[in-house]
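Have a look at the structure below, then the notes.
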Protein chains: 2
Amino acid sequence: MATLSFTPIGTIYTPHTTLQNMPIQPLGAKGIRGKIVLNKAFVEGLKDLEGFSHITILYHLHKAEDYSLLVTPFMDTEKRGLFATRAPKRPNPIGISTVQLIAVNNNELIIEDVDMLNETPLLDIKPFFSKFDNRDGSKSGWLDDLWNEQKKHTKSDGRFA
Amino acid sequence: MATLSFTPIGTIYTPHTTLQNMPIQPLGAKGIRGKIVLNKAFVEGLKDLEGFSHITILYHLHKAEDYSLLVTPFMDTEKRGLFATRAPKRPNPIGISTVQLIAVNNNELIIEDVDMLNETPLLDIKPFFSKFDNRDGSKSGWLDDLWNEQKKHTKSDGRFA
């Protein structure tokens with residue numbers, strides 16, 4: 001298939017400077033602040049964005065080289081199909097994260113719950129709208145199992161017994 | 001900034017063959033079925049995906065040429081900043097949609113609530129997990145206003161009075 005070319009529209013700055021100890025999803029990055037610096041040529045496109053509490057950002061997983069079709073996800077022990085995981089090493093290493101939008105100052109956006117590496121190239125900003133984007137009652141296979149399993153462990157590990 | 005190259009991993013087939021009368025978001029495409037045909041080279045990566053009721057797909061908005069930083073969205077009358085809209089004509093025309101996963105048959109996925117054009121190039125498949133992806137209590141600026149306004153109109157248009 002034909003190759004597609006994209007050019008980053010800005011850069012995401014975060015406190016995460018190494019691949020070790022990265023938060024898992026914005027859920028694991030609660031309260032951690034970062035900053036988007038948008039190329040000034042695009043600043044007019046930020047109009048009306050301040051009314052949104054959350055934005056979904058698309059970015060290049062720029063340190064993810066190569067990929068495997070079977071991966072062992074964080075906190076799991078079994079090999080899973082890559083497309084059933086959020087592992088960063090993918091045929092097209094594009095990440096998506098829904099983060100809190102704290103402030104817009106000209107071409108700079110202060111954001112919170114950042115789970116991407118420092119100096120990540122930004123591809124797009126989309127407004128989050130719960131009516132479009134939330135899904136209630138969804139089922140999530142191995143992730144549901146893992147989530148329930150870990151809650152169970154949390155409840156029953158007995159360290160205060 | 002350096003140009004990034006991505007190669008589609010498959011094709012999304014839908015009943016939408018022209019840009020006219022396209023559904024607005026999966027919400028406007030309830031029950032409309034489509035099919036993903038993944039390149040066979042990637043089929044191993046689909047392992048474990050059947051346990052998920054929803055997937056978020058990333059794709060090339062392949063008929064969106066050029067872009068403006070101010071756009072008048074569907075069903076709105078005011079010009080909005082592009083990044084506060086989901087308009088398809090963007091600096092990097094990458095679309096995201098969370099669709100229902102109905103079935104996986106080898107390298108073919110039957111999906112529902114499809115809001116993209118027929119023969120859309122697929123870039124990535126990510127599993128949807130409500131714990132990661134839902135946001136409760138979010139605020140969505142002009143989209144909230146429009147949503148509330150249109151609900152009000154629906155209730156008061158008086159056609160059965």
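Key figures for this structure:
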| quantity | calculated |
| --- | --- |
| Selected residue (criterion: farthest from B:ASN134 (Cα to Cα)) from residues of segment A:1-58 that are modelled with pLDDT of 95 or more and of a type in the set (Lys, Arg) | A:LYS40 |
| Which listed residue, of B:PRO93, B:PRO73, is under 17 Å from the mean Cα position of the chain (by Cα) and more than 26 Å from B:PRO127 (Cα to Cα) | B:PRO73 |
| 2 or more residues surrounded by 14 or more Cβ atoms within 10 Å (Cβ to Cβ), more than 7 Å from chain A (Cβ to nearest Cβ) and touching a strand residue (DSSP E or B) at 6+ places or on another chain (Cβ under 6 Å): qualifying strands (runs of 3 or more DSSP E) within segment B:1-105 | B:10-13, B:33-38, B:54-60, B:94-105 |
| Unmet requirement for B:SER138, which otherwise passes all of (1) assigned to a loop (DSSP other than H, G, I, E, B); (2) more than 7 Å from every other protein chain (Cβ to nearest Cβ); (3) of a type in the set (Ser, Thr, Tyr) | (2) |
| In segment A:106-134, the residues that are assigned to a loop (DSSP other than H, G, I, E, B), within 7 Å of chain B (Cβ to nearest Cβ) and in contact with a Ser or Thr (Cβ under 6 Å, 6 or more places away or on another chain) | A:PHE128, A:PHE129 |
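For (1) in contact with a helix residue (DSSP H, G or I) (Cβ under 9 Å, 6 or more places away or on another chain); (2) more than 21 Å from A:PHE6 (Cα to Cα); (3) modelled with pLDDT under 95; (4) among the β-branched types (Val, Ile, Thr), each residue gets a yes or a no:
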site: A:ASP76; (1), (2), (3), (4): yes, yes, yes, no
site: A:GLY81; (1), (2), (3), (4): yes, yes, no, no
site: A:PRO93; (1), (2), (3), (4): no, no, no, no
site: A:VAL99; (1), (2), (3), (4): yes, yes, no, yes
site: A:ILE110; (1), (2), (3), (4): no, yes, no, yes
site: A:ASN118; (1), (2), (3), (4): no, no, no, no
site: A:LYS126; (1), (2), (3), (4): yes, no, no, no
site: A:LYS139; (1), (2), (3), (4): yes, yes, no, no
site: A:HIS153; (1), (2), (3), (4): no, yes, yes, no
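The values are calculated or read from the model by the stated rules, or taken from the named source; none is laboratory data. Since this is a predicted model, take the numbers as computed values, not measurements. Quick reminder, even Gly has a Cβ in these numbers, built from the backbone with ideal geometry, and neighbours come from all protein chains shown.
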